[in-house]
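Nothing in this text is a laboratory measurement; each read-out follows from the coordinates by a stated rule. The structure displayed is predicted, hence computed values, not measured ones. Counting neighbours? That spans all protein chains shown, and the Cβs are built from the backbone with ideal geometry, glycine included.
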Amino acid sequence: MARAVSNRTKVANTAIAGALGFLMFFPILWILFLAFKTEEDAIRAPLEVLFGSGWTMESFATVQARSDYFKHFSNSVIISLGSTFLGLLVAIPAAWSMAFVPSKHTRNVLMWMLSTKMLPPVGVLVPIYLIFRDLELLDTRFGLTIVLMLINLPIIIWMLYTYFKEIPGEILEAARMDGATLRAEILYVLTPMAIPGMASTVLLNIILAWNEAFWTINLTASNAAPLTQFITSYSSPEGLFYAKLSAASVMAIAPILIMGWFSQKQLVRGLTFGAVK
Amino acid sequence: MPTKHTLLSTAVGFGIAALASTAVAEEITIATVNNADMIVMQKLAPQWEEATGNSINWVVLEENVLRQRTTQDIATGGGSFDIMFIGAYETPIWGANGWLTSLNDFGDDPDYDLEDIFQLVRNGLSADGNLYAVPLYSETSFTFYRTDLFEKAGIEPPTEQITYTEFAEMAAKLHDPDNGVFGTCQRGKAGWGENMAFVGTMANAFGARWFDMDWNPQLDSPEWNAAITYYVDLMNNSGPPGATANGHNENRALFKDGKCATWVDATSAANDVRNPATSNVADVTDFFQAPKQETDKGTGWFWSWALAIPASSQKADVAKDFLKWATSKEYFQMVGDTEGWVAVPSGTRASIHEDPRLLEAAPFAETIKTAIFSVDPADPTRDPVPYTGVQFVAIPEFQGIGNYVGQQVAAALAGQMTVEQALANSQQFAVREMTKAGYIK
């Protein structure tokens, strides 16, 4: 039975949630404001920025004229979709085997995979850089796709493993008794049932790959550089650059923000999948 | 059949030319920062591309990211870049390590006229007598001041180098926070390239040095104590609030907005501050030398942004061709003609500094030249030192030590610790790092 909540508590909870939400969204909102200001106006006091100065699109025009946005954008799209697709190819069989055919080492394997996420990336930068140099993968979309797939793989496997565990093994057994092969079992029985979970895994992985800034900056120069490098090129050691940097940031985060906005229902559903019976 | 012969020869000639142009057309990658001079270069570079048939990939990065990214690439021989935009600190260290291509052969090209580049700047970009980078612009530090506020306060602008004691008295007179004007704005943000650029030169003026001749750190000396005590007092008495958040950019914005009466900082900011399109104080700003105290040695810093070719580049010949174009007399003249002479990068070529068009558009260019010539990175301090560099020490360990000392000085400025504590911590850290690196047995 649901616990009775008074109106006053409801209002207080809503106010606190709203305030926290605003606090978290404020940096993005401020970037949005600065992107539509001139450089001189962008460094004024906050109230002057909002009410004491005009609005302009000149920073967007400058950024567009000076950089090839669409090259960076297409690199971001290819790398995040590619790494997600490759990750799923590896993660679905791995999660299936751990969820439905566990061994006594499964738990340790899962923990080991998670532990690789605890390693500071900079600790393996030089070896990976040297490997990439020797394999001629530096500044290639393929190399970056592989790296992003590998760094996000533990998360994909963990998420899929959690979703697969929620699916009763008896359903798969029934499919097997009907003569389904392993491939058919995974493709036609397991996958459709885990669609909400897989959808949220895909979305989360795309977001993580899109926003990844360490490897994408360190392993690229110009050909494979995604939007993360596009942003950093507008920070300057001298002179005014806040408005142009904000415009570049808005252009870089807008696609993923819009995608997240439209898919938030799916994302929340997937992330809470299995939490409530 | 002369006609047939001629046609055949012409066809063969065109064929060879086409093949040759196909063979030499290369794509080079340049790693650079996003500053005004490099933006102009990117704008003009298509002229070089058209003339040579080569093309350029620009990789523009934030300064710290650029340093980390280029260091990693050059140290591992990654070969991602054919040209790097680097500073006077990295060039001699990387050159001595064999990571950069020597540019000594530029001296053999009479059209390039290497001798026209200031000797001081060439020395700063050389190691073991070899030139490893060519400069786009060079800077020192001098004092920006507001002529209107000096006049109002009845202060005569200095014509000779004044002392820091006199400077503090001036700043106190000019300090008027109720009307939104601070007596002085100086760098407070921690970092070897931020607060320590100013603090380092000020320490030189007070007779301090980073190391003695045996590489023993000297940060607990009375000279360092006097310098940092002066700095903290100056900023507390006549500086803006929250100065530890202010680096070069923030102070430049404050000065241009009319909030600062004085500012000791890079000569390269002069064009921007004196440009009416970008500054509110363009007509009421002038300059004088950075102050001295116990000595006049090392009172203005020396920095140069330059272009270098990593030894790992496979296209060194094309890269050299671009470097010659981008630092030639003709390039600087082209900047003057297209962007205005006030935008011409300063502190590099003697012939450009003597050009009447520059002297007319930027009368302060002469002051900048005089200030640059007053600097000697090989003799930066009152007492002898084993290192070169005015506001930095040209050894790889300096970056870590300079950043740490910068953090301690910023903590002292913020009142989180005393000057004595800050310097004791700095000394301890520097001794540990220098011992670890093998300088101290």
- Percentage of interatomic Cα-Cα distances in region B:172-241 larger than 14 Å: 64 percent
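With a ≥ b ≥ c the root eigenvalues of the C-alpha gyration tensor of region B:38-121, is it rounded (a/c under 1.5), prolate (a/b larger than b/c) or oblate?
Judged from the Cα gyration tensor, region B:38-121 comes out oblate (a/c at least 1.5, b/c at or above a/b).
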- Item | Those residues of region A:190-223 whose amide nitrogen sits under 19 Å from the label point placed on A:Phe85, 7 Å along Cα→Cβ | A:198-211
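Using only the Cα atoms of region A:143-219, build the gyration tensor, take square roots of its eigenvalues as a ≥ b ≥ c, and label the shape rounded, prolate or oblate: rounded if a/c is under 1.5, else prolate if a/b is larger than b/c, else oblate.
Working: a/c = 3.62, a/b = 2.64, b/c = 1.37.
It comes out prolate by the Cα gyration axes.
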- Note on the structure: Karplus-derived 3J(HN,Hα) from phi for region A:243-260 (6.51 cos²θ - 1.76 cosθ + 1.60, θ = phi - 60°), whole Hz, x at Gly and Pro, runs 5, 5, 5, 5, 4, 4, 5, 4, 5, 7, 8, 4, x, 6, 5, 5, 4, x
- Task: Determine the relative contact order of region A:68-233: mean sequence separation of Cα pairs under 8 Å and six or more apart, normalised by residue count, in whole percent.
- Result: 43 percent
- Give me the distance between the Cα centres of region B:43-63 and region B:220-279, rounded to whole Å. 35 Å
- Note on the structure: For B:Glu160 and B:Gln416, extending 7 Å from Cα along the Cα-Cβ vector and measuring point to point gives, in nm, a value of 4.2 nm
- Task: Among the listed pairs B:Lys189/B:Lys256; A:Lys244/B:Lys320; A:Lys117/B:Lys436, give every one whose C-alpha distance is greater than 25 Å.
- Result: A:Lys244/B:Lys320; A:Lys117/B:Lys436
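Quote the FRET efficiency, to the nearest 0.05, computed for B:Ala282 versus B:Gln428 with a Förster distance R0 of 41 Å and r equal to the Cβ-Cβ distance.
So, using R0 = 41 Å, E works out to roughly 0.35.
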- Query: Please state the relative contact order of chain A as a whole percent: Cα pairs under 8 Å, 6+ residues apart?
  - Reply: 30 percent
- Message: Across chain A, what fraction of all alpha-carbon pairs, as a whole percent, falls in each successive 5 Å bin from zero upward?
- Response: 1, 5, 9, 12, 13, 13, 12, 11, 9, 7, 4, 2, 1, 0, 0
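Two decimals is fine: what's Rg over Rh for chain B, C-alpha atoms, Kirkwood radius as Rh?
Working: Rg = 24.0 Å, Rh = 23.2 Å.
Expressed as Rg/Rh, it is 1.03.
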- Note on the structure: Under Stokes-Einstein, region B:189-328 at 37 °C and 0.692 mPa s, with its Kirkwood radius over C-alpha pairs, diffuses with a coefficient in µm²/s of 184 µm²/s
- Excluding same-chain residues fewer than 8 positions from A:Lys165, which lysines have a Cα within less than 21 Å of its Cα? A:Lys104, A:Lys277
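Test of understanding: ordering B:Met41, B:Met202, B:Met334 by Cβ neighbours within 10 Å, fewest first, what list do you get? Let's see the in-between values first.
Numbers: B:Met41 25, B:Met202 28, B:Met334 16.
Ordered from fewest to most neighbouring Cβ atoms within 10 Å, B:Met41, B:Met202, B:Met334 come out as B:Met334, B:Met41, B:Met202.
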- Going 7 Å from the Cα of A:Val122 in the Cα-to-Cβ direction, what parts of region B:68-94 have a backbone nitrogen less than 15 Å from that spot? B:68-73
- What percentages, rounded to whole numbers, describe P(r) for region A:7-60 computed over all alpha carbon pairs with 10 Å bin width beginning at zero? 23, 35, 22, 15, 5
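Taking only DSSP H segments of four or more residues, each worth -39500 (n - 2.57), what value at 222 nm results for chain B once the sum is divided by all its residues, to the nearest 500 deg cm²/dmol?
On the way: 18 runs with 201 residues, N = 441.
-14000 deg cm²/dmol, from helical runs alone.
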- Message: Give me the three principal axis extents of the protein assembly as shown from the C-alpha atoms, as integers in angstrom, largest value leading.
- Response: 102, 97, 62
- Note on the structure: Label model pair A:Met193, A:Asn7: point-to-point distance (7 angstrom along the Cα→beta-carbon line) in nm is 4.6 nm
- Query: What is the order of A:Ser246, A:Ser236, B:Ser351, fewest Cβ neighbours within 10 Å to most?
  - Reply: B:Ser351, A:Ser236, A:Ser246
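Of B:Tyr439, B:Tyr230, how do they rank once you tally other Cβ atoms within 10 Å and put the fewest first? Display every interim value, and only then the final one.
Numbers: B:Tyr439 17, B:Tyr230 20.
The fewest-first ordering by Cβ neighbours comes to B:Tyr439, B:Tyr230.
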- Message: Can you give me the distance in nm between label points at A:Thr140 and B:Asn64, each placed 7 Å from the Cα along the Cα-to-Cβ direction?
- Response: 3.3 nm
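Do the sum for chain A: with -39,500 (n - 2.57) for every DSSP H run of n ≥ 4, divided by all residues, what is the mean residue ellipticity at 222 nm, to the nearest 500 deg cm²/dmol? Mind dumping the intermediate values first?
Values: 14 runs with 192 residues, N = 277.
Theoretical 222 nm ellipticity from helices: -22000 deg cm²/dmol.
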- Task: Provide the packing ranking of B:90-96, A:213-219, i.e. peptides ordered by the mean count of other C-beta atoms within 10 Å per residue, highest first.
- Result: B:90-96, A:213-219
- Output ordering of B:401-409, B:352-360, A:115-123, A:35-43 (per-residue mean of other Cβ within 10 Å, highest first) is B:401-409, A:35-43, B:352-360, A:115-123
- Report the calculated FRET efficiency for A:Asn223 and A:Glu173 (r = Cβ-Cβ distance, R0 = 51 Å), to the nearest 0.05. 0.55
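How many partner chain Cβ atoms sit within 10 Å of a residue's Cβ in peptide A:128-135, on average, as a whole number? Intermediate results must be reported in sequence, preceding the final value.
Values: counts 0, 6, 3, 0, 3, 7, 0, 0.
Other-chain Cβ atoms within 10 Å of each residue's Cβ, averaged: 2.
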- Message: Below 8 Å between Cα atoms, with a sequence gap of 6+, how large is the relative contact order for chain B in percent?
- Response: 23 percent
- Rounded FRET efficiency, nearest 0.05, which uses the C-beta distance separating B:Gln314 from B:Met334 and R0 of 30 Å: 0.55
- In whole Hz, what ³J(HN,Hα) sequence does region B:308-315 give by Karplus (6.51, -1.76, 1.60; θ = phi - 60°), x for Gly and Pro? 9, 10, x, 4, 7, 5, 8, 10
- Query: Working out 0.36 nm times the residue gap between B:Asp148 and B:Asp257, then minus their Cα-Cα distance, what length gain in nm do you get to one decimal?
  - Reply: 37.8 nm
- Query: By DSSP, what percent of the beta bridges with both residues in the protein assembly as shown are antiparallel, rounded to the nearest 5?
  - Reply: 70 percent
- Cα centroid separation - region B:397-413 against region A:149-221, whole Å: 48 Å
- Message: Which of B:Asp176, B:Asp265, B:Asp82 ends up with the largest GNM mean-square fluctuation for chain B, with Cα atoms connected below 10 Å?
- Response: B:Asp176
- Task: With a/c under 1.5 counting as rounded, go ahead and sort region A:39-131 into rounded, prolate or oblate using the C-alpha gyration tensor (a ≥ b ≥ c being the square roots of the eigenvalues; past the cut-off, prolate if a/b is larger than b/c, else oblate).
- Result: prolate
- Note on the structure: Note, region B:422-428: 3J(HN,Hα) by Karplus (6.51, -1.76, 1.60, θ = phi - 60°), whole Hz, Gly/Pro = x, goes 4, 6, 5, 4, 4, 4, 4
- Task: With just the Cα atoms of region B:73-147, tell me how far they stretch along each of the three principal axes, in Å, largest first.
- Result: 51, 31, 22
- Task: Take every residue in peptide B:66-78, count the Cβ atoms of other chains within 10 Å of its Cβ, and give the average of those counts.
- Result: 3
- Message: Looking at the calculated P(r) for region A:68-233, what percent of the C-alpha pair distances fall above 22 Å?
- Response: 50 percent
